[in-house]
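Beneath this line is the structure, given in structure tokens, with notes to follow.
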4 protein chains.
Amino acid sequence: MSIDFQVDFCGEKGYVDVMGYPLSNTANPLTFARKALKDVREAGIEVVHCREGHLPDLSDCPYNKILRSKIIGQDAVGIGEQPKGGVGRLLLRGSESWGIVKEVEPIEGEILVDKAGKGVGYCSDFFLVLQQLGVSHLILCGITTDVCVHTIMREANDIGYWCLLLKDSVGATDMDNRKSAIHSVKMQGGVFGWVSDTEHLHEGLKEAKLIA
Amino acid sequence: MSIDFQVDFCGEKGYVDVMGYPLSNTANPLTFARKALKDVREAGIEVVHCREGHLPDLSDCPYNKILRSKIIGQDAVGIGEQPKGGVGRLLLRGSESWGIVKEVEPIEGEILVDKAGKGVGYCSDFFLVLQQLGVSHLILCGITTDVCVHTIMREANDIGYWCLLLKDSVGATDMDNRKSAIHSVKMQGGVFGWVSDTEHLHEGLKEAKLIA
Amino acid sequence: MSIDFQVDFCGEKGYVDVMGYPLSNTANPLTFARKALKDVREAGIEVVHCREGHLPDLSDCPYNKILRSKIIGQDAVGIGEQPKGGVGRLLLRGSESWGIVKEVEPIEGEILVDKAGKGVGYCSDFFLVLQQLGVSHLILCGITTDVCVHTIMREANDIGYWCLLLKDSVGATDMDNRKSAIHSVKMQGGVFGWVSDTEHLHEGLKEAKLIA
Amino acid sequence: MSIDFQVDFCGEKGYVDVMGYPLSNTANPLTFARKALKDVREAGIEVVHCREGHLPDLSDCPYNKILRSKIIGQDAVGIGEQPKGGVGRLLLRGSESWGIVKEVEPIEGEILVDKAGKGVGYCSDFFLVLQQLGVSHLILCGITTDVCVHTIMREANDIGYWCLLLKDSVGATDMDNRKSAIHSVKMQGGVFGWVSDTEHLHEGLKEAKLIA
């Protein structure tokens, strides 16, 4: 699962940039995520991407979410609005800034799910898609670790999916939050799943002779 | 909302104790939560409690959740099993350790919802109950901050509820995780809601003339 | 799946009786459902029962559901109330009339799920339980055909479960509604699944050497 | 709520046509639904439309749904495929046949929700959108009565929405199923809500001075 690697979360004039956070932290995992994607593709593991974004009329966006983005956004630019010099209206389906960045974009045959929230539970048909795939285990990378990645991981874990977080392939707007989010997964023997990294994934798939 | 203040999370020989975590951290918010409950009750605000627990046959408990609890539990005692000298089978509906502790137990007329997960989304009818109440704002206290409280807050926030976390009324098994979980709420102008404390709640209700 | 074979739906002084419907129509499928249960148990197929019922404070019961039951109920007795000479408060968890009737009651090792609605989607953790079982196909019997059985069948079918309705093992308060509900399943090549009966199930399991 | 008035359900070379059902039955309610829409728009009542359709790769379409459509479809043409002389791939998002027919298409400011099933529960963010609107009552028209309209009505009713079905504004592939579906709503004092028609809606809105 490749979560929310959109311009809005790691590119210039996207949502995170306009909200005033440094892009280095959210863009940093791209190199690792790209490697992980290469490996799982070679291994024949299904890849599902998802994107956070709202309908053009924002009918699927809670009012407090819009309000808070306007309060913190530069020049009071919030969700659904285009920042000066920007590449599209923020977090809006169809907007350029809402697209997935080149480094980790879906290739033919990969699934792409839209969601209207941080998580997927009541705001997407993500679990419907997952159920059709018939899988029981998920490998997660994406941004941001403590917000979207963690919410999806929590929801998936609560209904029994075995979740593995690749810690070098997840970014965040705040590195302390990221660290704690990773640590939190491992409490209580793995309260939300397991944590590993791209290198171990590579070694594991190699050992299983799923990749060369 | 008073979340998971059960013996299993803050009492002796409950789940958290058996998993090897110090109870001081999870039991600590009880005094503050008790004050908050007193205030909201006086103000006429609806109180909803919830409890995490599974059916006696564990049919609603994912296999990996059982397995992980056995791996970390003292003497390999996991969910559904009774520890030596314990007060009931861990996290099991009907068990003594599953009950809410005296300090913050529900009083007559208050709602009590059971859930089979950290969150409530696909594992309870919590949002059905909430919708019948017709409320739009939630005040949250409970344990543990970074696990159950945060998961419910994320799910509720994603569908538009205005959530307020009382930071002195939430405990955790790890104080760094707790700190980050509280900090994480406030990112992006309040990505999961707001943070306040019992004292400010008291002052606010007083100012609004909802309490004496 | 054995759906809502409760006193409230097919027994004296239960909900359906108090609402003024003849019990013969809802109780009639019991003999067939009993046979079907015997066969699937012998075949080693997992049996899941469910029950409709509400919390004692009715916090999980929509107000219009309570109101409508009072309007149509004899002596204005509705959900949560006990009819004169009755066997418990109607559709209430823990009440005697809420229990499953002897003929098809769960035996040891079978799963029993509670739900607060006709369906299961947002008012139970039914799909969580189903997902832990890892099954893809459901055989349905129960009452009433056009209300609870059909709602669950629709929800399960929408997320991809292969559903088979046993037409002699489903009852209803209105036999025309029952007939159409069965017919409706078969539209569009099986818009909600398939229809068969107890005898064909028996023959099929025999042919597959799953029963003697 | 205007449900699934798409070419696929009431237009030539759409899904229903290819499945071999007469279009007269599904297209018939359009005149009435158009009147109802005119009235509620004048009254200032929010209009929400929905559409059934799948992603181009059918990743959100259960396999049995695809299979059954191929079995019954003319020339084995099923969901996701284009019939000879057709106006697009059947039930596919973005396809021409998937669009809403002219007579009842959304006007500016009206909400349009996509769903991947008959109902909306686990296959759309419909209830998220509804919750943001803050409404408690729904007026339903659309096609088909016994399939999509009824499924949505059941799901909405189960979580407490007050539902009103306009019986002259709902069509079906089978008129007996339609009749029973309407009758079924009224069982048990209104087990799924109420039934009325366009004329009564008009009179009611007039009496309430919401329309001229």
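Here, each number is a calculation from the coordinates, and none is a lab measurement. These numbers were taken from a predicted model, which means no experiment stands behind them. With ideal geometry, Cβ positions are generated from the backbone for all residues, glycine too; neighbour counts draw on all protein chains shown.
Computed values, structure above
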{"read-out": "Over 16 Å [Cα-Cα, region B:28-68], rounded percent", "value": "58"}
{"read-out": "Residue pairs, from the table B:38/B:115; C:35/C:167; C:84/D:186; A:65/A:118, whose Cα atoms sit over 20 Å apart", "value": "B:38/B:115; C:84/D:186"}
{"read-out": "Cβ-based charge dipole, chain D, positive-most Cα from D:7, D:149, D:69", "value": "D:69"}
{"read-out": "Label-point separation in nm, residue C:210 to residue A:196, each point 7 Å along Cα→Cβ", "value": "3.5"}
{"read-out": "Computed over region A:15-150: relative contact order in percent, which uses C-alpha pairs under 8 Å that are six or more apart", "value": "25"}
{"read-out": "Positive-end extreme of charge dipole, chain A - chosen from A:28, A:133, A:88 (charges on Cβ)", "value": "A:28"}
{"read-out": "Peptide C:176-189, shielding by other chains (average Cβ, 10 Å cutoff)", "value": "6"}
{"read-out": "Label point 7 Å beyond Cα along the C-beta direction, distances from residue B:22 to other copies (nm, shortest first)", "value": "3.3, 7.2, 7.9"}
{"read-out": "7 Å along Cα→Cβ, label-point gaps from residue A:84 to other copies, nm, shortest first", "value": "6.2, 7.0, 7.9"}
{"read-out": "Largest-first ellipsoid semi-axes for region D:98-185, taking √(5λ) over the Cα gyration tensor eigenvalues, angstrom", "value": "20, 17, 13"}
{"read-out": "Compactness of region C:44-190 - radius of gyration and Dmax, Cα, Å", "value": "16.0, 47"}
{"read-out": "Shielding by other protein chains, B:190-203, mean Cβ within 10 Å", "value": "2"}
{"read-out": "Inter-copy label distances at residue A:56 (7 Å, Cα→Cβ; nm, one decimal)", "value": "1.9, 5.5, 5.8"}
{"read-out": "Theoretical ellipticity at 222 nm over chain C - DSSP helices of four or more residues, -39500 (n - 2.57) apiece, nearest 500", "value": "-9500 deg cm²/dmol"}
{"read-out": "Rh by Kirkwood over Cα pairs, then Stokes-Einstein D for region D:1-110 at 1.306 mPa s and 10 °C, µm²/s", "value": "109"}
{"read-out": "Spin-label proximity, residue C:74 to region D:174-207 - amide N less than 17 Å from point 7 Å beyond Cα toward beta carbon", "value": "D:188-189"}
{"read-out": "FRET efficiency estimate (nearest 0.05) - Cβ-Cβ, residue C:96 to residue B:110, R0 30 angstrom", "value": "0.70"}
{"read-out": "Partner chain coverage, peptide C:149-158 - average Cβ within 10 angstrom", "value": "6"}
{"read-out": "Choice from B:77, B:104, B:135 with maximal GNM fluctuation in chain B (Cα, 10 Å cutoff)", "value": "B:135"}
{"read-out": "Rounded to the nearest 20 debye, dipole of region C:3-53 from Cβ charges on Lys, Arg, Asp, Glu", "value": "160"}
{"read-out": "Packing-based ranking, highest mean first, of D:199-212, D:147-160, B:141-154 given that Cβ atoms within 10 Å are counted", "value": "B:141-154, D:147-160, D:199-212"}
{"read-out": "Cβ charges +1 (Lys, Arg) and -1 (Asp, Glu), total dipole of the protein assembly as shown, debye", "value": "0"}
{"read-out": "The protein assembly as shown: radius of gyration and largest Cα-Cα distance (Dmax), Å", "value": "26.5, 76"}
{"read-out": "Sites residue B:203 and residue C:41 - FRET efficiency at Förster radius 60 Å, r taken between beta-carbons, to 0.05", "value": "0.45"}
